[in-house]
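Okay, so here's the structure we're looking at.
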Amino acid sequence: MSRTPRTRRTTGALAAGAVIVALTLTAGSVAAPAAPPPGPAQAQTPAQAKAKPSDSPETAPLTTADRAETRPQTSDGEPPGIARKIQPGDTSRRQVAQATTPLARGVTYEYLLITGARGPQIVHLLRVDPGVKGTRLDYLGTRKVRSRQTVPELAGRDGGAAAVNGDFFDITDTFAPLGNGQDRQRGLLHGRRADWTNSFWIDADGRPRVGQLAVGARVVPARGSALQVWHVNSPTVWPDRIGLYTPKWGKLAGTRVTDGQTRRVREVHIRNGRVAANRTRLTRNQPIEGVVLVGRGRGARQLSRLKVGRKVTVERAFPDAPAVAISGSEVLLRKGQVLSTDDTALHPRTAVGVDRDTGELLLVVVDGRSTTSRGATLVELADLMAMFGAEAALNLDGGGSSTMVGADPAARNGALRVLNTPSDGQPRMVPNGLVVFARPLPDQR
């Protein structure tokens, strides 16, 4: 792919220090109307993904089941736009206009307008250099797993320099994320043993990784066999499985985590290492003390053996104790190879990637569902991540959830502004995301 850089005059709307470069990339496209520079500002449904059990081992290699054909494309379930098919031999070219603005030490924001045969795309990129002192990435979340706030609210509360939205979530019911969550300070927040384990994480040695990460959890009675736990603070407990809930979850959700099932279910309360209660009705809207186990079908029968007063040990952790973890729907890139196959469905997108050559972490949002930006297919998103230098990348929640915020270079107090244009017209409330902490630039103090 050839690139021919040329300089372009900076507009007055950009912050001081911004740099613009225009690139011509060989691809399928023709020019489209320019958009203004940035300012403040049919797959499964998520419900089906929430309820779909899988017996695949969590360590299995990536297969078609990990890709778009079997996974929701956005939490909101909105129908996609359809990308124009690019014919073989199409020699049209796409134009890229790029503006670069430093947001904090080790954090750079890039705005790209890409025009071509399929229509315009507005792409937002955060380059994060964790090698810069004081710059680090962390899990961004609400106080309780089953609650929501907007990305600007969450990042502003925590004092972040930039942030994006995170995992897909149970948008119509519990509002909880579908997959894994690990916070540097709060530890393990939520996770699954299988089926929604494609994740981005930072391991105990500080190395960013993309792949499959499964929670390990079990209940070990003082006498008898250990009981396998499949879900930790998850929006669902699959049939014949056991789920575990802690105070980090929030109030108990009753049958909302059993898909409405009221028969052949069981709820066990564990406090101070002993079974405090064992009942056949599920509690709702009550705070959790200690740990609560919820079983369905065979899982309920297993829990029936835990008698009140019996000593038990509850174990839960991710392997190798990652510092940060968050899940997404599918791995876009692995070792620089595009794994995505869907080049048809258009949505707003969010992704996280790793540039192993530079050590940078890449956070990307593509605007969509508008005349100024059509969104991206998963193949296009993977190609964008590769173009930015990523060797590994993960697709996060898209649609109306796609949001990016960053420190306003013109503000002296580090105030955040929304960098993209959310398709809902305003930032959506979401349960989690990724946040960047960094020292302010000298003129931001």
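Okay, residues lined up against (1) closer than 24 Å to Asp183 by Cα; (2) small (Gly, Ala, Ser); (3) within 21 Å of the chain's Cα centre (by Cα):
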position	(1), (2), (3)
Asp357	no, no, no
Arg369	no, no, yes
Val379	no, no, yes
Gly399	no, yes, yes
Asn413	no, no, no
Thr421	no, no, yes
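Taking the criterion of being crowded, with 24+ Cβ neighbours inside 10 Å and more than 20 Å from Asn198 (Cα to Cα), the residues of region 377-404 that qualify are Gly400, Thr403, Met404.
Considering Ile86, Ile122, the condition of being part of a loop (DSSP other than H, G, I, E, B) and not aromatic (Phe, Trp, Tyr) is satisfied by Ile86 alone. Considering Leu282, Leu293, Leu362, Leu303, the condition of being modelled with pLDDT of 95 or more, closer than 20 Å to Ala214 by Cα and touching a Gly at 6+ places or on another chain (Cβ under 9 Å) is satisfied by Leu293 alone. Scanning for something within 16 Å of Val435 (Cβ to Cβ) and either over 23 Å from the mean Cα position of the chain (by Cα) or among the hydrophobic types (A, V, I, L, M, F, W, C) (or both), does region 115-122 turn up at least one residue? For region 115-122, residues within 16 Å of Val435 (Cβ to Cβ) and either over 23 Å from the mean Cα position of the chain (by Cα) or among the hydrophobic types (A, V, I, L, M, F, W, C) (or both): absent. Could you check, for region 212-219, whether at least one of its residues is of a type outside the set (D, E, K, R), in a strand (DSSP E or B) and over 30 Å from Gly359 (Cβ atoms)? Scanning region 212-219, I find at least one residue that is of a type outside the set (D, E, K, R), in a strand (DSSP E or B) and over 30 Å from Gly359 (Cβ atoms), so the answer is yes. Counting the residues of region 359-403 that are within 14 Å of Gly336 (Cα to Cα) and part of a loop (DSSP other than H, G, I, E, B) gives 4.
Looking across region 69-111 at every residue that is surrounded by 16 or more Cβ atoms within 10 Å (Cβ to Cβ) and of a type in the set (Lys, Arg), the one that is modelled with the lowest pLDDT is identified as Arg93.
One residue alone among Arg417, Arg439 is of a type in the set (Lys, Arg) and in a strand (DSSP E or B), and that residue is Arg417. Taking (1) crowded, with 21+ Cβ neighbours inside 10 Å; (2) over 15 Å from the mean Cα position of the chain (by Cα); (3) not in a strand (DSSP E or B) in turn, Ser147 satisfies each apart from (1). Of all residues in region 150-181, count the ones that are assigned to a loop (DSSP other than H, G, I, E, B) and of a type in the set (Ser, Thr, Tyr). Final tally of qualifying residues: 2. Within region 220-235, the residues that satisfy the criterion of being crowded, with 16+ Cβ neighbours inside 10 Å and outside any loop (DSSP other than H, G, I, E, B) are Pro221, Leu227, Val229, His231, Val232.
The values are calculated or read from the model by the stated rules, or taken from the named source; none is laboratory data. Here the structure is a predicted model, which is why all the values come from computation and not from measurement. Reconstructed Cβ throughout: ideal geometry from the backbone, glycine too, with neighbour counts over all protein chains shown.
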